[in-house]
Amino acid sequence: MAEAHLQPGAVGQLRAVCVEVGDDANVEVENFRFCLEALLDAPPFAGAVPTIVTRPGPDLRLAYLEVDDGRSDD
Amino acid sequence: MAVRTIEVRERVMAKNDEIAATVRRQLHEAGIAALNLVSSPGSGKTTLLERTLDALGDELRISIVTGDVQTQNDADRLAQRTPRLVQAVVTNGACHLDARQVQTALAAIDLGETDLLFIENVGNLVCPANWDLGEDAKVVLFSVTEGEDKPLKYPRMFHESRVAVLTKIDLLPYVPFDVDRAVMFARRVNPDLRFFFTSALTGAGMAEWFGFLRDQARTGAHATP
């Protein structure tokens, strides 16, 4: 999903990933955090920081990505 | 330099749900009722399907997709009871079926020659609740040896299911299982849950189950359990 939302070749520029976990999503937050940290600790996402936010409801969502794309600030 | 934020707000399950919608449309167009059997391991999904094929196999055109983490033992057992193709999906470690696996399995099934489709999911009362496979309804099985509090321990599965089958009721004299409490707990999670009480060994309650399946097949994809 992250790759689909980034420019081609920009995966290495990923700096943060935020996932929303619904409290009825059947997802154990600490187990999920472990998996997400492991995923973001290795290429191609190495160096990105995981953020997990809990929300009411059944959904598991990719909330936002933070990317350092090298462009100057506007 | 600036770190930019890309808002996504996309459900992780969105792609699966998109494929599931395609599967559901395909089944509806073919007039097929599809039931997704879910339960913990050993609750009797395969045995229930064996008895169902024995009883209805000549009357209804029943197709089956089975899911197992390893082996295709369930599919092999069911293939002994029907001349029709039983499609086995081996998930290689995954604890549930997903919609793409079902879509792929259906490609080998003649949907024009099918009245009723069973998807026998991987034995697991947690993850399969989250995955829409394109079925008309989830059917949750639980046996009298599992304890009557299963609906409270795994509420999402019972909430997502439209039918519950209590299996192995022939063992009720030998186990401390309170049927009324089990039903009460399940209906606390899902007040609309329809119950069947069965023993595949003695045949108790099977006639009601078969009648339900006949109704599903007759009404096809418009069935409302």
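Of B:Arg187, B:Arg156, B:Arg162, which residue is under 25 Å from B:Leu53 (Cβ atoms), basic (Lys, Arg) and surrounded by 15 or more Cβ atoms within 10 Å (Cβ to Cβ)? Unique residue meeting the criteria: B:Arg162.
Summed over region A:44-74, residues that are within 11 Å of chain B (Cβ to nearest Cβ) and either at positive phi or touching a residue at least 40 places away in the same chain (Cβ under 8 Å) (or both) total 12.
It is to be established whether one or more residues within region B:80-101 are in a strand (DSSP E or B), at pLDDT 95 or above, more than 23 Å from B:Arg218 (Cβ to Cβ) and touching a strand residue (DSSP E or B) at 6+ places or on another chain (Cβ under 7 Å). No; the residues of region B:80-101 include none that is in a strand (DSSP E or B), at pLDDT 95 or above, more than 23 Å from B:Arg218 (Cβ to Cβ) and touching a strand residue (DSSP E or B) at 6+ places or on another chain (Cβ under 7 Å).
The set of residues in region A:17-74 being of a type in the set (Lys, Arg) and farther than 21 Å from A:His5 by Cα consists of A:Arg33, A:Arg55. Condition first: in a loop (DSSP other than H, G, I, E, B) and over 30 Å from B:Pro128 (Cβ atoms). Can you find one or more residues in region A:50-68 that meet it? No.
The set of residues in region B:123-166 that are under 22 Å from B:Gln26 (Cβ atoms), not in a strand (DSSP E or B) and not small (Gly, Ala, Ser) comprises B:Pro128, B:Asn130, B:Trp131, B:Asp132, B:Leu133, B:Glu135, B:Asp136, B:Glu160, B:Arg162. The residue of region A:12-39 that is farthest from B:Pro155 (Cα to Cα), among those that are among the aliphatic types (A, V, I, L, M), out of contact with any helix residue (DSSP H, G or I) (no Cβ under 6 Å at 6 or more places or on another chain) and in contact (Cβ under 8 Å) with a residue 24 or more places away in the chain, is A:Leu14. Per the listing A:Glu37, A:Glu3, A:Glu30, the residue uniquely closer than 19 Å to B:Val126 by Cα and not hydroxyl-bearing (Ser, Thr, Tyr) is A:Glu30. Listed by position, the strands (runs of 3 or more DSSP E) inside region B:1-71 whose residues that are within 14 Å of another protein chain (Cβ to nearest Cβ) number at least 2 are B:3-11. Take the conditions (1) within 20 Å of B:Val3 (Cβ to Cβ); (2) more than 10 Å from chain B (Cβ to nearest Cβ); A:Ala4 misses just one of them, which is (2). The conditions of being more than 19 Å from the chain's Cα centre (by Cα), at negative phi, of a type in the set (Gly, Ala, Ser) and outside any helix (DSSP H, G or I) are met by B:Ala204. Could you please let me know if B:Asp192 is acidic (Asp, Glu), farther than 25 Å from B:Leu60 by Cβ and assigned to a loop (DSSP other than H, G, I, E, B)? For B:Asp192, the condition - acidic (Asp, Glu), farther than 25 Å from B:Leu60 by Cβ and assigned to a loop (DSSP other than H, G, I, E, B) - is met.
Residues that are in contact with a Pro (Cβ under 8 Å, 6 or more places away or on another chain) and in a helix (DSSP H, G or I) were ranked within region A:22-38; the one that is farthest from the other protein chains (Cβ to nearest Cβ) is A:Glu37.
The values are calculated or read from the model by the stated rules, or taken from the named source; none is laboratory data. What you are looking at is a predicted structure, and each value in this text was computed from that prediction instead of being measured. Positions of Cβ are generated from backbone atoms using ideal geometry, with glycine treated the same way; all protein chains shown enter the neighbour counts.
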